[in-house]
Structure formats: structure tokens, C-alpha cells
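The values are calculated or read from the model by the stated rules, or taken from the named source; none is laboratory data. Worth saying up front: this structure is predicted, and the values here are computed from it rather than measured. Note that each Cβ is placed from the backbone with ideal geometry, even for glycine, and that neighbours are counted across all protein chains shown. All accessible areas refer to the heavy atoms of the entire protein, side chains included, with ligands and DNA or RNA removed. Shrake-Rupley method; radii C 1.70, N 1.55, O 1.52, S 1.80 Å.
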Amino acid sequence: MATFITVSPVAKPKSSNDLRSQMEDLLIDFYSVVGVAPRRAYPVNAADLLADDFQGRFFIQSSSELMVFSKAQMLASKVGRGEINRPVSRLVSLSAKLCEDGIASVVYAVAYRFGQTAQVRRGSFKASLQGENWVLHSIDEDVRLVILPEVKRTQSVAADRPRLWIL
């Protein structure tokens, strides 16, 4: 006897009207596409996240490199495409302001941890509403890697325990 299983696709959760939460979703969607953050449970199209005039600048502090990407270069780059078991993230701060011309300016700090390595990303981006979705126009980011110390395990036997020797 055959069993039929229907798997429905996971739909993108409905976004709230709060500008801050919409900008947070846009940033995490962008990070999931380029491989910095874990993949989202719903499909994210990278071309829909970036405006045609996109300009991305990433300064890597450990190597003092400034990487600059246009939309075509960002879509074609092999920056890692977001595995399932990627770092745990924590949004440290995010402030968003909507300007009169309809462009949102966002300043943020986010940290990712994977094993003994932490990645702190601070930056700003500008986004505008096109149709129903927000798209990134520019992003300026400062990336810093931090190696975390290993957690030392305590010994099960106390070092100051008296010893008894029988001769």
C-alpha cells in the first residue's frame, strides 16, 4: 500500500510594520545569502535584496583589506552560500531612521560565533522600498575577527586535598 506525503514549502513569515524589525529581517536575509548567517527556512533570492545601483564596502580589520562589490559582483562571488549549521548570531544593536525621500538609514552591530571564533560586524546601510520589499542600495561594514579563549575544565580532584602515605 502506498503512502502519500505532502510537504508544503515554508513561507516567509509576515513582516511587521515596524521599520526596525523590517531592517533586521533585510540584514539577516542578506547575511544568509552571502553565507555569513545560517540559511533562512524560507527561500531568499539574492537578486531581490540588492538594488541595481548596489555598492557594498567591507573592511576586514585582520588583513586591512577593503573589498568593494557591485550588484553583479556580489551575486557572482563565491562568498559561501550559507550552510545549515553556521554560526550562532546575536544582534547587538540596530537603529533605523526613515528619511523624507523614502530611504531608510540603518546603523547596526551584530556578532556571530562559530566554535572559538567570533566575528563582529559593525556598519550601516541604506535601503528603499520597491514594491512590497526592501532592497539594499549601499552597505558599509567593518569586520573584526576575535579568537575566543578555550574553556578550561576543572579537575575532578581538588589539588589541596591531603594525601595519606602508609609506609
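Close amide H contacts of residue 35 (hydrogens built in the peptide plane, cut-off under 5 Å, sequence separation of 5 or more or a different chain): 82.
Put simply, the amide H of residue 55, placed in the peptide plane, has neighbours under 5 Å in 138, 139, leaving out anything fewer than 5 places away on its chain. Rolling a 1.4 Å probe over the protein heavy atoms leaves residue 92 with an accessible area of roughly 100 Å². Between amide H atoms placed 1.01 Å from N, distances below 5 Å from residue 50 occur with 136, all of them 5 or more places distant or on a separate chain. Note that segment 131-139 has calculated 3J(HN,Hα) couplings of x, 9, 10, 8, 10, 7, 9, 8, 9 Hz, one per residue in order, obtained from phi through the Karplus relation 6.51 cos²θ - 1.76 cosθ + 1.60 (θ = phi - 60°); glycine and proline are x. Projected label points at residue 63 and residue 76, each 7 Å from Cα along the beta carbon direction, are separated by 1.9 nanometres.
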